[in-house]
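Only one structure is covered here, and it is reproduced in the block below.
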Amino acid sequence: MEEEEQKVLDLVKELVLRLLPNTTEQSSPSIESEKALKYAMRILGSRMTPSISIDEAAMAESIKRHLVNEGKSSDALTFADLYTKFSSKSGPGSIQNKWSVLYLLKVISEDRRKEKKSDSRVSSGFFASTVSGGLPVLFDESNSSRKTLEKSRTGSGSGGVLLISKDPENLRDIAFREFANLLKEESEIVEGVLVRDVLYASQGIDGKYVKFDKNLDGYVLSDSIKVPRSMRIMVRKLCELGWLFRRVKGYISESMDRFPAEDVGTVGQAFCAALQDELSEYYKLLAVLEVQSMNPIPMVSESTGSGNYLSLRRLSVWFAEPMVKMRLMAVLVDSFKALRGGAMAGAIHMHAQHGDPLVQEFMRRLLRRVCSPLFEMVRSWVLEGELDDIFSEFFVLGQLVKAESLWQEGYRLHSVMLPSFISQSLAQRILRTGKSINFLRVCCEDQGWADAASEAAAAVGTTTRRGGLGYGETDALEALVTEAAKRIDKHLMDVIYKGYKFKEHCLAIKRYLLLGQGDFVQYLMDIVGPELSEPANTISSFKLAGLLESAIRSSNAQYDDPDILDRLRVKMMQHGTGDRGWDVFSLEYDARVPLNTVFSESVMARYLRIFNFLWKLRRVEHALIGVWKTMKPNRITSHFLTKQEGSVKLQFISTLRRCQVIWDEMNHFVSNLQYYIMFEVLEVSWSLFVDEMESAKDLDDLLAAHEKYLHSIVEKSLLGERSQTLCKTLFVLLDLILQFRSHADRLYEGIHELQARTMESSLSSRGRNKSRSRSIEEPPEFGSWVGGGRKALTQRAGEFLRNMGQELDRIANEYSLTLEGFIGRLPMQQHVDLKFLLFRLDFTEFYSRLRVST
């Protein structure tokens, strides 16, 4: 080994002496020659390598391609044949470092081509052919004039050619210092190896030198590896793509592993598929870059204008567009981990609102895949009524309910899942269209909606099959939904009106539950009155049902549709202690599917409340008529009592007059209230309801019209929440009228009994004795009148009339105070129609003046 090293030293010394001027082999070495020798040995002993990868096949391919580009195809074939023979030789006597030989030949050829007729040029591959990794140094002896230092570099890193002119004034020290600065930036790794590692990192794979650091959460080049700072910075920037790739790929793998979990869903799966498609395009780019990275990076002396190689700077250009896309995908996966379904699609849509055309196109392409399941759900819901949403991703949410609650509670909008590119009004139409189909199919047992849906799709030029709609076709979606909603809603309204006779049932409820059929109501009240006067716990509902049938057969109600009459039934409400039949009797109407969608339990409860109010009002009216009927025959009694003594006569006349005045006042109130309820409330509300029912375009409009109709009746009838105090006052007035009826009946029954007892007292003693014996069995109030003769009879008659007069005065005073309070509160009510009631009750302003005077 020492002998070989000495031979190399001698050869280098001989070369240095030949290159230095004014120096021969026989002369003693000068200080300058010693410095040059040390410099040469330092270069030979360095570890610097060319900035290309050591690949023999790639170098041969580069030379052959270069010859072809210059139009020397025959030379390229000759070189290929020679290289085959050269590479096939192996053994003890063969050349081991074949790549260095090829590299030397290539550099010499290119230097000769670039430098026209230059003298004594030494290729940078000279030392590379003898000592691997040498740096070429050339001293140009052809120029004897003083020139400044010229330096040119090819390639990157330290692999260049340094041209130093002959320097008789020892200016070569400048070159030595500059070269010393270059040595400080020497690289232990060639750029091609770093390119390959960066490509590995961009696929989430650790390279030879670039590896993923979990602590730093990124790909790093170890500090122990000596590379230029600029190259280290560029590697770090390029490896950002690999870090982004790991996040996107990790999200896809995690989501696919958890599928079919509910938090992933079909939209999340489509999102992952869209990301995977983008990664597939990214893989194709990496495959192209992998091929290019196999080509060596040329040196400075090479013509690199059209070279098909890959350096870090070229890689940064290639990575510019994938970096933007990968950043977008990483932002999306980080932002949408907690989102799913329509919420995820809406959030991605918001990111698509960007001014960069590249970002817009990328996001639209992504959204077309992501929104595909959502648009398929919309199509299936609008045209088929099917809610294929097992992961609760759709903005229409269904739940299991009874048939009568299907429309109101079966489906609702899930606003959290409503994408931002679908408006609230469009979502409501989508919801209603699917509900209409399900209502027709489930409640109406109708299949005509299928033809309407097909006609709607044909009208807007879309298909009923899968994939007919997609993201970016919002106008087409809105046109389809609008057309389908119009046709299906029209078919639904036809089924409701014609197939199930909705209008006829509404009219039947108005006639029987709202007591609009006058002859029926009057006859029913006449025949059930005696039965309802009994205690509630003794009344048979079967007997009342029979009386209802009799009332129907005895009135014009018998000509109604039998299906309507079969739905009318007697209902006995829960009763308490002391309740009479009047307090628990009511009528109900059996609204079956699908009519019970409109006439639901809550709606029928409100109808029942209105019926109870109207029934009590009719009962009061009937009671006042009964009082009048009782008062007229007793005029005969008045002629008899006018012949009695003065005090009894005056009491009698005063009591009858007081009764008549009270009756007139109560009758005035009840008649005007009855007129207001029947005409100003019921008939006006019904007329408006009929108009709105005719203009209703869908079931929601019909429900809204009916709700408005019912609400109008409740509010105008003082049954609303805002009129609770006034309603209680009104019921107190009605109860006072019923008390008056009871006292009036007692008064005239007592007068009639008094007349009968007086006539009996004038008969024979037998007759009087028989009368006395019967009086023991009669109530004390009446039977005791004749117990002590005519004088006692007169005395007790006066006492009876005085007591009755006091009771009537009490009722009259209480009634007047309550009525004044009722009329006084009417102007404070918010409903404008109550002013008509006030006008009718106090059209002479009697109560107003009375209230002012008090």
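The values are calculated or read from the model by the stated rules, or taken from the named source; none is laboratory data. Remember, it's a predicted structure, so these values are computed and weren't measured experimentally. Cβ sites come from the backbone with ideal geometry, for glycine too, and all protein chains shown count toward neighbours. Ligands, DNA and RNA are excluded from the accessible area calculation, which covers all protein heavy atoms including side chains. Shrake-Rupley method; radii C 1.70, N 1.55, O 1.52, S 1.80 Å.
Summary of values
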read-out: Out of Leu513, Leu565, sole residue that is under 25 Å from Ile713 (Cα atoms), of a type outside the set (S, T, N, Q) and buried (at least 20 other Cβ atoms within 10 Å of the Cβ); value: Leu513
read-out: Failed item, numbered, when Leu718 is tested on (1) crowded, with 16+ Cβ neighbours inside 10 Å; (2) assigned to a helix (DSSP H, G or I); value: (2)
read-out: Evaluation of Leu524 against (1) over 52 Å from the mean Cα position of the chain (by Cα); (2) open to solvent by 30 Å² or more (accessible area, probe 1.4 Å); (3) not aromatic (Phe, Trp, Tyr) (one fails), failing number; value: (2)
read-out: Selection from the stretch 689-706 of residues that are exposed (fewer than 14 other Cβ atoms within 10 Å of the Cβ) and within 27 Å of Ser723 (Cβ to Cβ); value: Asp691, Ala704
read-out: Residues being assigned to a loop (DSSP other than H, G, I, E, B) and touching a Lys or Arg at 6+ places or on another chain (Cβ under 8 Å) - total across the stretch 209-259; value: 1
read-out: 3 or more residues over 23 Å from Lys325 (Cβ atoms) and out of contact with any Pro (no Cβ under 6 Å at 6 or more places or on another chain): qualifying helices (runs of 4 or more DSSP H) within the stretch 335-426; value: 372-384
read-out: Counted residues, the stretch 800-849 - those being open to solvent by 60 Å² or more (accessible area, probe 1.4 Å) and either in a helix (DSSP H, G or I) or closer than 30 Å to Ser647 by Cα (or both); value: 18
read-out: The stretch 388-407, subset open to solvent by 60 Å² or more (accessible area, probe 1.4 Å) and under 18 Å from the mean Cα position of the chain (by Cα), residue nearest to Ala484 (Cα to Cα); value: Asp388
read-out: Criterion (touching a residue at least 24 places away in the same chain (Cβ under 8 Å), at positive phi and either touching a Lys or Arg at 6+ places or on another chain (Cβ under 6 Å) or not basic (Lys, Arg) (or both)) met by exactly one of Leu524, Leu515, Leu469; value: Leu515
read-out: Any hit, the stretch 493-501, residues being closer than 30 Å to Glu549 by Cβ, of a type in the set (D, E, K, R), out of contact with any helix residue (DSSP H, G or I) (no Cβ under 8 Å at 6 or more places or on another chain) and assigned to a helix (DSSP H, G or I); value: yes
read-out: The stretch 475-504 residues that are closer than 24 Å to Ala427 by Cα and of a type in the set (Asp, Glu), paired with ones that are open to solvent by 10 Å² or more (accessible area, probe 1.4 Å) and part of a helix (DSSP H, G or I) (beta carbon under 6 Å, 6 or more apart); value: Glu483/Ala459; Glu483/Val460
read-out: Identity of the residue in the stretch 527-552, within 19 Å of Gly578 (Cβ to Cβ) and among the β-branched types (Val, Ile, Thr), that ends up surrounded by the most Cβ atoms within 10 Å (Cβ to Cβ); value: Ile539
read-out: Residues that are open to solvent by less than 40 Å² (accessible area, probe 1.4 Å), more than 30 Å from Ile488 (Cβ to Cβ) and of a type in the set (A, V, I, L, M), drawn from the stretch 351-387; value: Ala352, Val359, Met363, Leu366
read-out: Near pairs, Cβ below 7 angstrom, 6+ apart or cross-chain, from the stretch 707-731 (under 21 Å from Met604 (Cβ atoms)) to any residue that is small (Gly, Ala, Ser); value: Tyr709/Ser685; Ser712/Ser685; Ile713/Ser685; Val714/Gly720
read-out: Residue within the stretch 245-260 that is among the aromatic types (Phe, Trp, Tyr), more than 31 Å from the chain's Cα centre (by Cα) and surrounded by 20 or more Cβ atoms within 10 Å (Cβ to Cβ) present; value: yes
read-out: Given (1) buried (at least 16 other Cβ atoms within 10 Å of the Cβ); (2) under 30 Å from Val714 (Cα atoms), index of the condition Ala485 fails; value: (2)
read-out: Test for Thr78: is it of a type in the set (Ser, Thr, Tyr), at pLDDT 80 or above and more than 20 Å from Tyr309 (Cβ to Cβ); value: yes
read-out: Residue ID - nearest to Arg619 (Cα to Cα), chosen from residues in the stretch 668-712 that are part of a helix (DSSP H, G or I) and of a type in the set (Gly, Ala, Ser); value: Ser671
read-out: Residue match in the stretch 610-628 (condition: closer than 30 Å to Val495 by Cα, modelled with pLDDT of 90 or more, surrounded by 13 or more Cβ atoms within 10 Å (Cβ to Cβ) and not aliphatic (A, V, I, L, M)); value: yes
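The rows are residues; the columns are (1) closer than 19 Å to Lys697 by Cα; (2) touching a strand residue (DSSP E or B) at 6+ places or on another chain (Cβ under 7 Å).
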site: His414; (1), (2): no, yes
site: Gln424; (1), (2): no, no
site: Lys435; (1), (2): yes, yes
site: Leu469; (1), (2): no, no
site: Leu480; (1), (2): yes, no
site: Ile496; (1), (2): yes, no
site: Leu507; (1), (2): no, no
site: Leu515; (1), (2): no, no
site: Phe520; (1), (2): no, no
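Listed here are the residues, each with its yes/no results for (1) open to solvent by less than 10 Å² (accessible area, probe 1.4 Å); (2) modelled with pLDDT under 90; (3) touching a helix residue (DSSP H, G or I) at 6+ places or on another chain (Cβ under 7 Å).
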{"site": "Asp217", "(1), (2), (3)": "no, yes, no"}
{"site": "Ile225", "(1), (2), (3)": "no, yes, no"}
{"site": "Gly265", "(1), (2), (3)": "yes, yes, yes"}
{"site": "Val288", "(1), (2), (3)": "no, no, no"}
{"site": "Val291", "(1), (2), (3)": "no, yes, no"}
{"site": "Met323", "(1), (2), (3)": "no, no, yes"}
